[in-house]
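Below is one structure, written out as structure tokens, with a few remarks after it.
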Amino acid sequence: MFQFSDLASKLPGETESIFSIMSKLAGQHQAIDLSQGFPNFKTDDKLKELVSIAMRSGHNQYAPMAGVLELREEISQKIYSLYDRQYNPESEITVTNGATQALYSAITALVNKGDEVIVFKPAYDSYEPTIKLSGGIPVLIQLKGKNFKIDWQEVEEKITSKTRIIIINTPHNPTGTVLEREDMLRLERLLKGTDILLLSDEVYEHLIFDGQQHQSAALFSDLSSRAIICASFGKTFHNTGWKTGYCVAPEEIMAEIRKVHQMAVFCINHPVQIAFAEYLKDPKHYLQLGAFYEKKRNQFLDLIKGSNFKGEPSAGTYFQVLDYSDITDENDVDFSRRLVKDHKLATIPVSVFNIGQQDNKQLRFCFAKNDETLEKAAQIMNRII
């Protein structure tokens, strides 16, 4: 008889994600959930109606493998208008089942056994398992200090003849920091003359604050020539459950990514693509998002200014990292669990994303919530001493 002990796991060290754990705890304890990164306010009624129109118009069968051409054309136009970089809709843009699938397909297509992939920690939790599934070796670099800066000298020292890809994420999840122009120029200088690829996770590209400009890899000639850029409509338009994203890359790179994409999912939800193609024609739908979320961030920080949680305002995303060391010496995992059970507030401990679960007494809060939710969360936080 078959024994499950004989089943060799490809990811033996992987356990249930912290997002699932905290969401379950939030549900069990009827807690206010500022843990998982999704908005709790409504998707635009106009966008929902566009999906309904697409369904009624008959767009209910398989879409083209690479995505509806009209949507790819709108994506191309959007990137050109924002970053002055032209991507061919036919051969350099692929619509994916969320940005995570774009990341998965890119890594699977381009990483071979023994290849090294540089990952900055804390990092989105899909990067490393996907690298390992492809036989690659994650090379981890911890972001420095409580402001999460890249030590570019360390990056240079970690690059070897086996380095295949460097993964960057800006604006950054979970920290809410952003890479500046000088960071991107330094990266461009490091990679110039090499055959190293760049995987740029830019799912929060429109959620950037305080007058800063998003430093997309598309803005830099040498970086764009080697970059796969991944983006998300779900993060942009408050509908993460629709699982729609895309990636762009030079034609030769995209051809390899599409080989994996077509075998993994083949194509993406057809009526949703039709709706996004129409919705993107009005740039205000994404150009206003930075101001919208900056207001949310400011509201949240203003509501908790009397609390013992401290931190620099998030520079992007809809996450705010806060230091709780004035409250307790508990490690962040234990404290986050106690917050749920004793105070009915769910957050994400940052240490789970760090090398060796380095604990800096920081929690990540999602402020993509309606006013009532933020006010209730703040009342709890202001009572904790």
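Here, each number is a calculation from the coordinates, and none is a lab measurement. The model shown is predicted, which means the values in this text are computed figures rather than measured ones. We place every Cβ from the backbone using ideal geometry, glycine too, and count neighbours over all the protein chains shown.
Table for the structure above
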quantity: Qualifying positions in the stretch 112-133 - surrounded by fewer than 19 Cβ atoms within 10 Å (Cβ to Cβ) and of a type in the set (G, A, S); calculated: G114, S126
quantity: Which numbered condition E74 misses (of (1) touching a residue at least 40 places away in the same chain (Cβ under 8 Å); (2) among the acidic types (D, E); (3) out of contact with any Lys or Arg (no Cβ under 7 Å at 6 or more places or on another chain)); calculated: (3)
quantity: For S91: the one exception among (1) among the small types (G, A, S); (2) over 30 Å from P64 (Cα atoms); (3) surrounded by fewer than 20 Cβ atoms within 10 Å (Cβ to Cβ); calculated: (2)
quantity: Check on I268, crowded, with 20+ Cβ neighbours inside 10 Å and touching a residue at least 12 places away in the same chain (Cβ under 8 Å); calculated: yes
quantity: Matching residues in the stretch 312-329 - criterion: being under 21 Å from the mean Cα position of the chain (by Cα), in a loop (DSSP other than H, G, I, E, B) and β-branched (V, I, T); calculated: T317
quantity: The lone exception for E256 - which of (1) buried (at least 17 other Cβ atoms within 10 Å of the Cβ); (2) in a helix (DSSP H, G or I) it fails; calculated: (1)
quantity: Restricting the stretch 84-141 to residues that are over 29 Å from P349 (Cα atoms) and of a type in the set (A, V, I, L, M), the residue that is nearest to the chain's Cα centre (by Cα); calculated: V95
quantity: Set A102, A109: member being of a type in the set (G, A, S), in a helix (DSSP H, G or I) and surrounded by fewer than 23 Cβ atoms within 10 Å (Cβ to Cβ); calculated: A109
quantity: From Q36, Q30, residue being assigned to a loop (DSSP other than H, G, I, E, B) and farther than 30 Å from I274 by Cβ; calculated: Q30
quantity: Members of the stretch 287-311 found to be assigned to a loop (DSSP other than H, G, I, E, B), within 22 Å of the chain's Cα centre (by Cα) and buried (at least 16 other Cβ atoms within 10 Å of the Cβ), listed by number; calculated: G311
quantity: Per-region count, the stretch 330-348, residues free of Cβ contacts under 8 Å to residues at least 12 places away in the same chain and part of a loop (DSSP other than H, G, I, E, B); calculated: 1
quantity: Every pair of residues 6+ apart whose Cβ atoms lie under 6 Å, when the first sits in the stretch 349-371 and is closer than 20 Å to L207 by Cα while the second is part of a strand (DSSP E or B) and among the aromatic types (F, W, Y); calculated: R364/F319; C366/F319
quantity: Residue check, D282 of a type in the set (D, E) and surrounded by fewer than 18 Cβ atoms within 10 Å (Cβ to Cβ); calculated: yes
quantity: Unmet criterion (only one of (1) touching a Leu at 6+ places or on another chain (Cβ under 7 Å); (2) assigned to a loop (DSSP other than H, G, I, E, B); (3) farther than 22 Å from P313 by Cβ) for S161; calculated: (1)
quantity: Among residues of the stretch 203-222, those that are in contact with a strand residue (DSSP E or B) (Cβ under 6 Å, 6 or more places away or on another chain) and surrounded by 24 or more Cβ atoms within 10 Å (Cβ to Cβ), counted; calculated: 4
quantity: Residue within the stretch 133-149 that is in a helix (DSSP H, G or I) and out of contact with any strand residue (DSSP E or B) (no Cβ under 8 Å at 6 or more places or on another chain) present; calculated: yes
